[in-house]
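**Q** This is the structure, below, for whatever I ask next.
What follows draws every value from the coordinates through simple rules; no lab data is involved. For clarity, every value in this text was computed on a predicted model and none was experimentally measured. Cβ coordinates were reconstructed from backbone atoms using ideal geometry, including for glycine residues, and neighbour counts include every protein chain displayed.
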Amino acid sequence: MVVDEECLIFVPDDYATIQDAINAVSIEGEIIVRNGIYLENISFSSKLITVRSENGAENTVIDGQAAGSVVTFSTGEGTSPVLDGFTIKNGSAELGGGIYCNGALPTISNCTIRNNTALGGYDGGIHCSDS
């Protein structure tokens, strides 16, 4: 199911994963993530959305399990995307193991970024280019 209008989605109530919720939004919306550890890597996929935790970074973790950047903004999302209130950990990528931004201007707030690796040797937490 793809949500066509601006919407409010709860994870895991409406969708089991954060990425499934992002995929369900056609363009705009807000995704609220309940407390827990989410074993996934997410991409905002050109969506003008807010993804926020319900109760802050100490209660809501996105764990990338060393399978690439944990969070990716790389398809021209502009200034609208928001990531708010997560611990971002265990990412491993060439650049930006935690968060990778390329050609995007997201707002990242109230996040703890830790234990991420850049295989290129730098920018393990966050890498931004043209951003």
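**Q** Amide H to amide H, which residues 5 or more places from T60 or on other chains are under 5 Å from it, using H placed in the peptide plane?
**A** G36, T87
**Q** Here's another thing I want to ask about it. Find the cysteines in the chain that fail to meet the 4.7 Å Cβ criterion with every other cysteine, and list them.
**A** C7, C111
**Q** Under the rule of at least 5 residues apart or a separate chain, name every residue whose amide H is placed under 5 Å from the amide H of I113.
**A** I88
**Q** Still on this structure, please answer the following. Using each residue's phi in segment 115-130, evaluate 6.51 cos²θ - 1.76 cosθ + 1.60 at θ = phi - 60° and report the 3J(HN,Hα) Karplus result to the nearest Hz, with x for Gly and Pro.
**A** 6, 10, 10, 10, 5, x, x, 8, 6, x, x, 9, 10, 10, 9, 6
**Q** Starting with the fewest neighbours, write out T50, T87 ranked by other beta-carbon atoms found within 10 Å of each beta-carbon.
**A** Values: T50 17, T87 22.
With the sparsest Cβ surroundings first, the list reads T50, T87.
**Q** Defining a contact as two alpha carbons under 8 Å apart and six or more residues distant in sequence, what relative contact order in percent does segment 34-129 show? Don't jump to the answer; show the numbers that get you there.
**A** On the way: 314 pairs, mean separation 25.6, N = 96.
Computed over segment 34-129, the figure is 27 percent.
**Q** Further question: Just to be sure I understand: with springs between alpha-carbon atoms less than 10 Å apart, which residue in I18, I42, I108 has the highest mean-square fluctuation in the Gaussian network model of the chain?
**A** Of the options given, I108 has the highest mean-square fluctuation.
**Q** While we're looking at this one, here's another question. Just from its helices, what would the mean residue ellipticity at 222 nm be for the chain, if runs of 4 or more DSSP H residues each count -39500 (n - 2.57) and the sum is divided by every residue, rounded to the nearest 500 deg cm²/dmol? Please report the intermediate quantities before stating the final value.
**A** On the way: 1 runs with 7 residues, N = 131.
The helix contribution divided over the chain gives -1500 deg cm²/dmol.
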